[in-house]
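A.B. asks: Structure incoming, see below.
The values are calculated or read from the model by the stated rules, or taken from the named source; none is laboratory data. Worth saying up front: this structure is predicted, and the values here are computed from it rather than measured. Neighbour counts are summed over all protein chains in view; Cβ atoms, including those assigned to glycine, are modelled from backbone coordinates with ideal geometry. Accessible surface is based on the protein model in full, side chains and every heavy atom, while ligands, DNA and RNA are left aside. Shrake-Rupley method; radii C 1.70, N 1.55, O 1.52, S 1.80 Å.
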Amino acid sequence: MLDKSSKAPGSAPPALEVLAAGVSASDTEGNVRVQLMFPNGAVLPVEMSADAGAALSKGLDEELPDKK
């Protein structure tokens, strides 16, 4: 996957190229489940604490361009 990724000169290549992401409730109290979908159709479920999920959400909100 990394060979197909485009990047700016001098920047680090992405570790993984993700096609889509979703969040759902976890069976473990206090956790959330983030599911990453890759171009080949594989899905990687990742469990994290609700606090880690909130930090991820905040980081994405700060880093992604404003779509307003």
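A.B. asks: Could you list, in sequence order, all residues of the range 34-68 that are open to solvent by 80 Å² or more (accessible area, probe 1.4 Å) and within 11 Å of the chain's Cα centre (by Cα)?
C.D. replies: Leu60
A.B. asks: Mind listing whichever residues of the range 17-33 are in contact with a strand residue (DSSP E or B) (Cβ under 9 Å, 6 or more places away or on another chain), open to solvent by 90 Å² or more (accessible area, probe 1.4 Å) and part of a loop (DSSP other than H, G, I, E, B)?
C.D. replies: Leu19, Asp27
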